[in-house]
Amino acid sequence: MTIFSMETIEVSEAQFRQQLWRWKSVGRTLLNLPKIEKRDHKLRISVVSVDNITCYSLKKSFESYQQLLNWYGSILDELE
């Protein structure tokens, strides 16, 4: 059995949006797509590529869930 390690890349907001657009274009709901994690008292958001090879992590971090979810909600509104 081969163990596969996914590459993680930190990306700009534009690159992150591009990954979300790719998921939307293949019919995936974007509401439950991203991974949100807390590191060093900051919240980070990431999404896996459509081909499941790369994890795209937004360079920007957030102080609170409210900030992160407001930011992500505005992106969803734009993409819908």
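Within the stretch 33-46, residues that are exposed (fewer than 13 other Cβ atoms within 10 Å of the Cβ) sit with their Cβ atoms under 9 Å from residues that are in a strand (DSSP E or B) and not aliphatic (A, V, I, L, M), at 6+ positions apart or across chains, in these pairs: LYS35/ARG44; LYS35/SER46; LYS35/CYS55; LYS35/SER57; GLU37/ARG44; GLU37/SER46; LYS38/ARG44. Residue pairs whose Cβ atoms lie under 6 Å apart, separated by 6 or more positions or on different chains, with the first residue in the stretch 9-28 and over 11 Å from ILE45 (Cβ atoms) and the second in a helix (DSSP H, G or I), are LYS24/LEU79. Every condition in (1) in contact (Cβ under 8 Å) with a residue 40 or more places away in the chain; (2) open to solvent by 10 Å² or more (accessible area, probe 1.4 Å); (3) small (Gly, Ala, Ser) holds for SER64 except the one numbered (1).
From the list LYS42, LYS38, LYS24, the lone residue that is over 15 Å from TYR65 (Cβ atoms) and basic (Lys, Arg) is LYS24. Scanning the stretch 31-60 for residues that are closer than 14 Å to TYR72 by Cα and out of contact with any strand residue (DSSP E or B) (no Cβ under 9 Å at 6 or more places or on another chain) yields LEU31, ASN32.
The values are calculated or read from the model by the stated rules, or taken from the named source; none is laboratory data. Treat the numbers as computed from the prediction; the structure is a model and nothing was measured. For neighbour counting, all protein chains shown are included, and Cβ atoms are generated from backbone atoms with ideal geometry for every residue, glycine included. Accessible surface is based on the protein model in full, side chains and every heavy atom, while ligands, DNA and RNA are left aside. Shrake-Rupley method; radii C 1.70, N 1.55, O 1.52, S 1.80 Å.
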